[in-house]
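The values are calculated or read from the model by the stated rules, or taken from the named source; none is laboratory data. As the structure is a prediction and not an experimental result, all values here were calculated from the model. Every residue, glycine among them, receives a Cβ derived from its backbone with ideal geometry; neighbour counts consider all protein chains shown.
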Amino acid sequence: MSLVPPPASGRIFVASRRVRLGDVALDGRMRLDAVARFLQDTGNEDTEDAGLGDGGGWLARRMTFEVTRWPVRGDELTLATWCGGLGARWAERRTRATVATPDGPVVAVDASALWIHVDVATGRPAPRPDWFDGLYAEAAAGRTVSTKLVLPGPDAAGAPISTRPWPLRSTDFDVFGHVNNAIAWAAIEDEVARHGDPARVGAADVEYRGAIEPGDEVEVVSTLGGGGEPRIWLTAGGNVRLAAALRWA
C-alpha cells in the first residue's frame, strides 16, 4: 500500500500518547506490537471523538508501516490519522506518528492499514456504515483501494525454513473471539529477534488472511529472503493466517 500524504481537506484526528515501560523492549525501543496497538487505539479514539463509539465491526486485512526513527521509552508521540482510500466494504486508515525533539517534531512511523467492515452478528463483510462517507470520504479525495493480497506463502520462499509452535494465551483474544492484530505483532517481534536486531527494521508489510481462534495450534514459520530480511508466517492447521515481509533500514 502506498503511504499517501495528509489530505488538503477532510477529517484528520490527532491524539498524543507517551511511550512507557510496557511498550518497549530490553533496549528501550518501542516494540512492533506496541506500535500496532498505538495505531489501533488511535483509530478507536477517532471514532469515539466523532461520537460513534468504537465505530462498529472492522477487521484488519493489511498493514504497512515505515520507520524513520524508532520511538523509545519516554517519547511523547503525536499521532495523526485520516482516511487514505475507500472500497466497497472497506477503507484505508493512514496514521503518522511524530515524536517531539529539542529541534522540533520528527516523523517516527508512517503507517497504512486496510480495514474491512463486517456485520458484528455474522462476521461477514458488510457495506460501510451510513455515517462513514460523510465523516471520512473527503479526506480520501476519491482514492480507491483494493483488498488484494500479494505476499507469497512459505511454499514459495525458496530458502531454508524454520518452524516452531506459538502457544496461545487467554489474554491474546479480543471481544471478536480471535487473536487481536496487535498481539500477532508480538509473534513477529519475537521471530525477528531470532533473525537479528528488531531495531534494524525499517519497514514491514503484513497481511491478515484468516482469524486465529481459541483452540488453534499455531506455528511461527520463517525464513530469510533477499538481503537476509525476515519473511514470517503464522499458520494454523497448515493454513497461513498471517504473512509478513520485513525490510531492514
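All of (1) more than 18 Å from residue 137 (Cα to Cα); (2) surrounded by fewer than 15 Cβ atoms within 10 Å (Cβ to Cβ) hold for residue 5 with one exception: (1). Give the residue that is surrounded by the most Cβ atoms within 10 Å (Cβ to Cβ), with candidates limited to residues of the range 55-79 that are under 21 Å from residue 149 (Cα atoms) and among the charged types (D, E, K, R). Among residues in the range 55-79 that are under 21 Å from residue 149 (Cα atoms) and among the charged types (D, E, K, R), the one surrounded by the most Cβ atoms within 10 Å (Cβ to Cβ) is 62. Going residue by residue through the range 225-248, is there one that turns out to be of a type in the set (A, V, I, L, M), modelled with pLDDT under 95, farther than 23 Å from residue 68 by Cβ and surrounded by 15 or more Cβ atoms within 10 Å (Cβ to Cβ)? No - not one qualifying residue is present in the range 225-248. What is the residue count in the range 1-48 for residues that are within 18 Å of the chain's Cα centre (by Cα), modelled with pLDDT of 95 or more and hydroxyl-bearing (Ser, Thr, Tyr)? Adding up the residues that qualify gives 1. Across the range 173-189, the number of residues qualifying as acidic (Asp, Glu) and touching a residue at least 24 places away in the same chain (Cβ under 8 Å) comes to 1. Applying the criterion of being of a type in the set (Gly, Ala, Ser) and more than 23 Å from the chain's Cα centre (by Cα) to the residues of the range 101-140, the residue that is farthest from residue 19 (Cα to Cα) is 121. Among residues of the range 105-125 that are in the same structural domain as residue 83 (by TED's automatic domain parsing) and surrounded by 12 or more Cβ atoms within 10 Å (Cβ to Cβ), those with a Cβ under 7 angstrom from a residue that is of a type in the set (Val, Ile, Thr) and outside any strand (DSSP E or B), sequence gap 6+ or separate chain, pair up as 107/68; 108/68; 109/35; 114/145; 114/147; 116/147. Looking at this structure, is residue 42 assigned by TED's automatic domain parsing to the domain that holds residue 20, surrounded by fewer than 20 Cβ atoms within 10 Å (Cβ to Cβ) and within 25 Å of residue 247 (Cβ to Cβ)? So residue 42 fails the test.
When we screen 140, 156 for residues that are surrounded by 13 or more Cβ atoms within 10 Å (Cβ to Cβ) and among the aliphatic types (A, V, I, L, M), the only hit is 140. Would you check if there is a residue in the range 202-224 being modelled with pLDDT under 90 and more than 25 Å from residue 116 (Cβ to Cβ)? Scanning the range 202-224, I find at least one residue that is modelled with pLDDT under 90 and more than 25 Å from residue 116 (Cβ to Cβ), so the answer is yes. Which is surrounded by 17 or more Cβ atoms within 10 Å (Cβ to Cβ) and assigned to a helix (DSSP H, G or I), of 91, 34, 97? It is 34. Looking across the range 7-66, the residues that are touching a Pro at 6+ places or on another chain (Cβ under 7 Å) and β-branched (Val, Ile, Thr) come down to 12, 19. Mind telling me which of the residues 78, 47 ends up being polar (S, T, N, Q) and closer than 26 Å to residue 127 by Cα? Step by step, each of 78, 47 is checked, and only 47 is polar (S, T, N, Q) and closer than 26 Å to residue 127 by Cα. As an exercise: evaluate residue 83 against (1) of a type outside the set (Lys, Arg); (2) more than 19 Å from residue 144 (Cα to Cα); (3) part of a strand (DSSP E or B) and give the number of the one condition it does not meet. Here residue 83 meets the rest and fails (2).
Of 166, 82, all but one fail to be crowded, with 20+ Cβ neighbours inside 10 Å, assigned by TED's automatic domain parsing to the domain that holds residue 224 and among the hydrophobic types (A, V, I, L, M, F, W, C); the exception is 166.
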